[in-house]
Amino acid sequence: MSHKNSIDLQKVPQHIAIIMDGNGRWAKQQGENRIYGHYEGVNSVRDVVEGAGEIGVKYLTLYAFSTENWNRPKEEVDALMELLVSTISAETPQLNKKNVRLQAIGNLDSLPSTCLEELNESINLTSKNTGITVVLALSYSSKWELVNAMKKIAGELSAGNLEPADITEQTIEKYLCTKDIPDPELMIRTSGEHRISNFLLWQLAYAEFYFTDKLWPAFRKEDLFEAILNFQNRERRFGKTSEQLTQAK
Ligand code: IPE
Ligand code: IPE
Ligand code: MG
């Protein structure tokens, strides 16, 4: 039986973030080069987006390329950028058909212009869709995002538009790439690595973390459902005691 049938649809996380890791190792296991793993990873993305949409997840953020990934060999970086362009252009009609809205976060201006153009076109073409929003984290790192936010806030302070005493959590959130997007409740990382690799440091402050040994190209919607079931069996206390939570029910 599919894990899907056991999911409580009233308690599906509205935002799930995924660190899609393990493409290179998966390819190596198949006796192929790393780039083959990235290509195969696209099938996982398609399946997981579909699965998340089926159960009513509102936002799915996918870590696709980090600031640090620019330090990989040039041929791998070039292949990833090409894959990004070809995937976005090939998938956009399907995104529209499935009512999926595409967005992106990160230092997008650092992407090659062909990539950025393709991305912006797809974002525009899907902007009216009302189903799941897929947020691609591209050339993204959380420290970059926070430095950027602080620069903008400092600019507002020196222009006299903001007083230090008026800075709140909401002020900071307004300057993050994720403004208007609720924080993820669940963060999944594949490939057995137990770290967050500069991903959404602020936004994951109270997220539940789920780690699986599955490598990204082997991950499918059924694995996503399993992660959600695991999430639904946890008690999220937000600093309170377990008794307080039971009494409130
Ligand atoms: C994740 O898979 C994809 C990107 C970081 C772009 P990796 O390429 O990191 O694969 P491993 O971790 O080396 O196996
Ligand atoms: C994190 O994976 C970034 C993405 C999945 C895009 P990495 O493979 O780059 O992270 P590290 O190097 O294991 O921390
Ligand atoms: Mg990796």
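What follows is calculated from the coordinates using simple rules that are stated; it is not laboratory data. Note that the structure is a prediction, hence the values are computed from the model and not measured. Methodologically, a virtual Cβ is constructed for each residue, glycine included, from the backbone with ideal geometry; neighbour enumeration extends over all protein chains shown.
By per-residue mean of other Cβ atoms within 10 Å, what is the highest-first order of 235-248, 42-55?
By packing density, highest mean first, the sequence is 42-55, 235-248.
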(request) Select from region 167-206 those chymotrypsin sites (Phe, Trp or Tyr not before Pro) which occupy a DSSP coil region and have at most 13 other Cβ atoms within 10 Å, ordered by residue number. (result) Y206
(request) State the answer as a single residue: which of I105, W202, L162 lies farthest towards the positive end of the charge dipole of the chain, with beta carbon charges of +1 for Lys and Arg and -1 for Asp and Glu, about the Cα centre. (result) W202
(request) Quickly rank 219-227, 176-184 as a protection proxy: mean count of other C-beta atoms within 10 Å, highest first. (result) 219-227, 176-184
(message) Which order do the peptides 186-193, 15-22 come out in when sorted by mean C-beta neighbours inside 10 angstrom, highest first?
(response) 15-22, 186-193
(request) Two decimals is fine: what is log10 I(q)/I(0) at q = 0.13, 0.20 Å⁻¹ for region 60-163, from a Debye sum with one equal scatterer on every Cα and no solvent? (result) -0.56, -1.01
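222 nm [θ] for the chain, helices only, -39500 (n - 2.57) per DSSP H run of 4+, per residue, to 500? Intermediate results must be reported in sequence, preceding the final value.
Details: 8 runs with 107 residues, N = 249.
Taken over the chain, the calculation gives -13500 deg cm²/dmol.
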(message) Using Cα-Cα distances under 8 Å and only pairs 6 or more residues apart, what relative contact order does the chain have, in percent?
(response) 30
(message) Taking 8 Å as the Cα distance limit and 6 or more residues as the minimum spacing, I'd like the relative contact order of region 54-189 as a percentage.
(response) 31
(request) Take every DSSP beta bridge whose two residues both sit in the chain, then give the antiparallel share in percent to the nearest 5. (result) 0
(request) Post the alpha-carbon centroid distance, region 1-56 to region 158-213, in whole angstrom. (result) 22
(request) Quote the charge dipole size of region 8-114 about the Cα centre in Debye, to the nearest 20; the model charges only the Cβ of Lys and Arg (+1) and of Asp and Glu (-1). (result) 240
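What net charge is computed for the residues neighbouring T67, neighbours being all others with C-beta under 10 Å from the C-beta of T67, Lys and Arg scored +1, Asp and Glu -1? Can you show the working numbers first?
Numbers: positive: K143; negative: E68, E145.
In short, -1.
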